[in-house]
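None of the figures in this text is laboratory data; all of them are computed from the coordinates on show. Fair warning: this is a prediction, and the values are worked out from it, not measured in the lab. Virtual Cβ from ideal backbone geometry, glycine too; neighbours counted across all protein chains shown.
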Amino acid sequence: MNIAALFNDRHYRWFAWGAVVLVLLALPFITEAVLGRSWVRIIAVSLLFVMLALGLNIVVGFAGLLDLGYIAFFAVGAYSYALLASPQFAVHWPFLLLLPLGAAIAAVFGILLGAPTLRLRGDYLAIVTLGFGEIIRVFLNNLNRPVNITNGPQGITLIDPLQMGGFSLAQTHSFAGLTFSPVHNYYFVFLVCAALTIALSLRLQNSRIGRAWVAIRDDELAASAMGINTRNVKLLAFAMGATFGGVAGGLFASFQGFISPESFQLIDSIMVLCMVVLGGMGNVAGVALGAVLLTALPEALRYIGPLQQRWFGGVLVDPADLRMLLFGLALVLMMLLRPEGLWPVRRRQAGKGNADAG
Amino acid sequence: MPADILLAASGICKHFGGLAALSDVSISVRRGEIFGLIGPNGAGKTTLFNVLTGLTVPDVGKLTFDGRRIEGLKPHAVAGHGIARTFQNIRLFGSMTTLENVMLGRHLRSNTGVLGAVFRTRAAVAEELAITRRARELLDYCGLAARADDLARDLPYGDQRRLEIARALATDPQLLALDEPAAGMNATETAALKALLERIREDGITLLLIEHDMKLVMGLSHSVAVLDYGEKIAEGEPEAVQRNPRVIEAYLGSGFA
């Protein structure tokens, strides 16, 4: 029985989706029982990366604009939240205000990046966006003198958790016989946000706007001749992508309680890009899958230290080195075996792919 | 034939470095006619097309379309005024389906924004339905209905040419500019194309045609202009142009004039 068919079948659809929802609801509890609480945290973080990767997917996957500085929008969202909900300026605004505000500020930064790069594509654009990402990080690192805004490399501590009235996600709650630790609480918030991000991405993709993005990716000149205002459509892609990153950043800051420029480096931009490319550029489900896998894989590879101990009776290769080596190898293998990503946008229909008429 | 002028280009000059791609070219296309633009390779036909559709900005010259000045406008704005085009080297959106390519052409005549798309407002849903319906009509009109769900890059060559026409028609143009639509087509495909173009004209759309297939262009066009080395050397009815000694010389060499 084909699983995808089950989700499309009119009678079984509700059953299939119900099962998915149940699994996602039970996941943190099962994970905690089997793998321990640290894995609940990893899963929660992977949901943040789903949001990030889907944001970047709008820019890179849909509109075809190669962005190597995407983590900057994550940073802008995180710092917007942290500065206005921490002892840094002794202001504690509510998150319901701060998350949209962070998204809006990130969107403005998206347009600031987009506007000067409208004429650039491909490798040229990649270099400019890379520079943009670094500029943001360097600013965050140095905006502690002469006036201390970001607290420099020390970062911002004691950031407020998500809270409303007396209810805080940073406390342990009991409900229906289940214990919800802070990690569990955040898992569920991130789950809702990631689900919303997926829904938003799908709706945008299947709209007039989504078609315009794909058109400028496929052929910008033809798109403009067909009446697409390429400037506006590109800026919209940058702004929308940044918005997702900004919200994820705010959630990240509240979840961690601490942020510093360390968390927003070039390697993080590259990791998010890897999630998009490896998952299947442009395909929402594939990118979400890529984000979860690439967050979990490096963590899973931490077990190779203890495994060496068990198999060989001693540690032969430094686990930290071996971990990144295996991670790199996994990336290379995946791209060799599935160059269009784990879950490409549209598979060529059987029998038509060979006779390439293009 | 109505005598009013839909598109008038006057005194168009365009230099690329030292090369005069167009020097002082003027043409006028009457509403409702098929206007053929011919000339040897490198004569400047495609450059003139690019100037007319906003892809290339002319150095000097005036462009009037439907009573409005359009020189210097961006391509999307020119399309908005009602000029649609196809490309000599086919430029489809390869990763989109045939249907989606035509739907993209409706972008200009629709206005759902981000909020409409995200919240699926009633207006957005209705507009999306209208876009799909119109796109399917146009696929039918151009004989591509059976190919609606195939990726554009997987279509055979002749279908790709017709898809470019369908996509251009989706923008509701007053003037459809076709850059060598019959290039690479066999005799049967060319005959079908000719029928399609005549039908488009009967439906009230003016056609501007660059074509190398002399039989096709002379059989279809009401007026013809001939470019050679960036200059217009003749303009008029097809029969008169064919007998023009400068045209014969440009095509066959001075010995035949």
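Summary of values
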| read-out | value |
| --- | --- |
| Peptides B:117-128, A:98-109 ordered by average Cβ neighbours within 10 Å, highest first | A:98-109, B:117-128 |
| Computed Kirkwood radius, in angstrom, where 1/r is averaged over Cα pairs of the protein assembly as shown | 27.6 Å |
| Pairs from B:Lys62/B:Lys232; A:Lys234/B:Lys74; A:Lys234/B:Lys14; A:Lys234/B:Lys45 whose Cα-Cα separation, in the structure shown, is over 26 Å | A:Lys234/B:Lys14; A:Lys234/B:Lys45 |
| Least to most buried among A:Ile3, A:Ile149, B:Ile165 (fewest other Cβ within 10 Å first) | A:Ile3, A:Ile149, B:Ile165 |
| Positive-pole candidate from B:Leu144, B:Ile27, B:Ser223, dipole of chain B, charges at beta carbon | B:Leu144 |
| Pairwise Cα inverse-distance average, inverted: Kirkwood Rh of the stretch A:32-142 (Å) | 15.7 Å |
| Which of A:Val21, A:Val183, A:Val276, A:Val292 has the fewest Cβ neighbours within 10 Å, and the rest in rising order | A:Val21, A:Val292, A:Val183, A:Val276 |
| Neighbour-count order for B:Ile5, A:Ile43, fewest beta carbons within 10 angstrom listed first | B:Ile5, A:Ile43 |
| Overall dimensions of the stretch A:18-337 as given by Cα atoms, namely Rg and Dmax in Å | 20.3, 68 |
| Debye-sum result for the stretch A:191-303 in log10 I(q)/I(0), which assumes one identical scatterer on each alpha carbon, at q = 0.10, 0.14, 0.15 Å⁻¹ | -0.38, -0.71, -0.81 |
| For B:71-78, mean number of other protein chain Cβ atoms within 10 Å | 4 |
| MRE, 222 nm, helices only [DSSP H, n ≥ 4, -39500 (n - 2.57), over the protein assembly as shown, to nearest 500] | -17500 deg cm²/dmol |
| Length released on extending from A:Val345 to A:Asn142, taking residue separation times 0.36 nm less the Cα-Cα span | 68.9 nm |
| Stretch in chain A that is longest and holds no trypsin sites (Lys or Arg not before Pro) that DSSP places in a loop and that have at most 10 other beta carbons within 10 Å | A:120-346 |
| Zone of A:Leu266's modelled label, taken as backbone nitrogen in the stretch A:119-159 under 11 Å from a point 7 Å along Cα→Cβ | A:127, A:130-135 |
| Percent RCO, i.e. relative contact order, over chain B, from Cα pairs under 8 Å lying at least 6 residues apart | 26 percent |
| The stretch A:41-102 - percent relative contact order, Cα under 8 Å, separation 6 or more | 21 percent |
| Column: log10 I(q)/I(0), Debye, Cα scatterers of chain B, q = 0.08, 0.11, 0.16 Å⁻¹ | -0.33, -0.62, -1.22 |
| Whole-Å distance, taken between Cα centres, linking the stretch A:101-171 and the stretch B:66-97 | 38 Å |
| Shape metrics for the stretch B:62-165, restricted to C-alpha atoms - Rg then Dmax, Å | 15.6, 45 |
| Inter-label distance for B:Leu252 and B:Ala20, nm, one decimal - labels placed 7 Å from Cα along Cα-to-Cβ | 2.7 nm |
| Distance from the stretch B:148-166 to the stretch B:210-257 (C-alpha centre basis), Å | 31 Å |
| Peptide B:80-86, shielding by other chains (average Cβ, 10 Å cutoff) | 2 |
| Chain A: DSSP helices with Cα axial extent of at least 18 Å and average Kyte-Doolittle hydropathy no lower than -0.5 | A:13-35, A:37-56, A:71-84, A:95-114, A:122-142, A:182-205, A:230-256, A:266-280, A:284-300, A:319-337 |
| Hz values of 3J(HN,Hα) by residue in the stretch B:208-219 - Karplus curve (6.51, -1.76, 1.60), Gly and Pro given as x | 10, 10, 9, 7, 9, 6, 4, 4, 5, 5, 6, x |
| P(r) weight above 18 Å for the stretch B:107-223, C-alpha pairs, percent | 57 percent |
| 3J(HN,Hα) from dihedral phi, the stretch B:172-179, Karplus parametrisation 6.51/-1.76/1.60, rounded to Hz, x for glycine, proline | 6, x, 8, 10, 10, 9, 10, 9 |
| Chain B: antiparallel DSSP beta bridges as a percent of all, rounded to 5 | 55 percent |
| C-alpha long axis of helix B:157-169 to longest principal axis of chain B, angle in ° | 80 degrees |
| Averaged over B:200-212, number of beta-carbon atoms from partner chains that fall within 10 Å | 0 |
| Mean shadow area of the stretch B:1-100 over all directions, Cα convex hull, nm² | 8.0 nm² |
